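Below is one structure, written out as structure tokens; comments come after it.
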Amino acid sequence: MLVLSRKIKEAIQIGDDIELKIIAIEGDQVKIGIDAPRHVEIHRKEVYLAIQEENSAAAQTVSVDVLKGFTQRNNHL
């Protein structure tokens, strides 16, 4: 993991397209501005993990339902 120190209004550049800028520091909270192309999805980590869990659960449910439907159709042939 790369660890960098930045002050207010200083930035970090990621590749050619993404810039992270320190907007404010208030107590134990840091406000970060992110400038990135629209196609880049940006989420807080806890939201990203929740999305991954939902996607995984949905994929497992769909797989079981598809498999059940497939076996039921083949049993009638």
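Only the coordinates and a few stated rules stand behind these numbers; no lab work does. Remember, it's a predicted structure, so these values are computed and weren't measured experimentally. We place every Cβ from the backbone using ideal geometry, glycine too, and count neighbours over all the protein chains shown.
When the stretch 13-24 is filtered for residues that are among the aliphatic types (A, V, I, L, M) and surrounded by 14 or more Cβ atoms within 10 Å (Cβ to Cβ), the ones remaining, listed by number, are Ile18, Leu20, Ile22. Scanning the stretch 27-49 for residues that are among the small types (Gly, Ala, Ser) and under 8 Å from the mean Cα position of the chain (by Cα) yields a count of 0.
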